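Trainee: Mind looking over this structure? Questions follow.
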Amino acid sequence: MRQKILFLSFLLVVSCSGYRYTQTANPFEQYGIDSLSIPMFYNFSNQPELASSFTRETYKLMSGFSGLKLKSGFSNSTDAVLIGIIRSAEKVADTLRSETPRVASAVAPQAVGSNRPEFYVPGITRVALMLQVVVIKRPTTEEIELLQSELGTRIPAQGKILFNETFNLSEAYNREYLDGEAVGVVGTQNAGALRRTKETLALKAAEQIRDMIIYAF
């Protein structure tokens, strides 16, 4: 009876604390996959400096699965390969979306001056990307090229392809608008904010890949 009460108490604490079960065993074991290689992600988006951080964060999180040997870079000596393909809208304006317009003269009156008509500048920029993730057993060059094509996202998970999912990623950052003598550093500050936002997206992508794989298998 005492053990039963302790177990029920544990369940109550877990449900109240927002605890989320996390699988740590190799999710691919049932398919005979004990080793997985993760090559550099393909960046087909209109934003630079994405592939290395997305690959690094995914590798780090996938290494948390016990019983799964990981290899950095492409290798057909492993049981399967995880392929990541980063995509975006065709236009940069649709990838870096402006939100929360602000009156320019209110945020930088000296830079704008008093002789210009009123106009607005974005207060927030939202970065929107798409990521396709494929787990495939020992792919050929032709199969990888097909997965990278426009048809790639519509190929079902069957045969050699164990997993083929595409999901959206989004993260926003506040834009800086300095005035007076400091106006010259605005571009540098916003470039830094965009770079940090891309790093955050890489981490979010890795977490979503891990969770999707856990629940898919």
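The values are calculated or read from the model by the stated rules, or taken from the named source; none is laboratory data. Given the structure is predicted, the values throughout are model-derived calculations rather than measurements. Every residue, glycine among them, receives a Cβ derived from its backbone with ideal geometry; neighbour counts consider all protein chains shown. Surface areas here come from the heavy atoms of the whole protein model, side chains and all, with no ligands, DNA or RNA. Shrake-Rupley method; radii C 1.70, N 1.55, O 1.52, S 1.80 Å.
Trainee: Just to be sure, is Arg138 open to solvent by 20 Å² or more (accessible area, probe 1.4 Å), among the basic types (Lys, Arg) and in contact (Cβ under 8 Å) with a residue 60 or more places away in the chain? Spell out how you get there, then give the answer.
Mentor: On the way: open to solvent by 20 Å² or more (accessible area, probe 1.4 Å): yes; among the basic types (Lys, Arg): yes; in contact (Cβ under 8 Å) with a residue 60 or more places away in the chain: yes.
When the stated conditions are applied, Arg138 passes them.
Trainee: List the helices (runs of 4 or more DSSP H) that sit entirely inside segment 1-108 and contain at least 2 residues that are at pLDDT 95 or above and of a type outside the set (Phe, Trp, Tyr). Can you show your working first?
Mentor: Working: elements: 2-16, 51-62, 92-95, 104-107.
Per the criteria, 51-62, 92-95.
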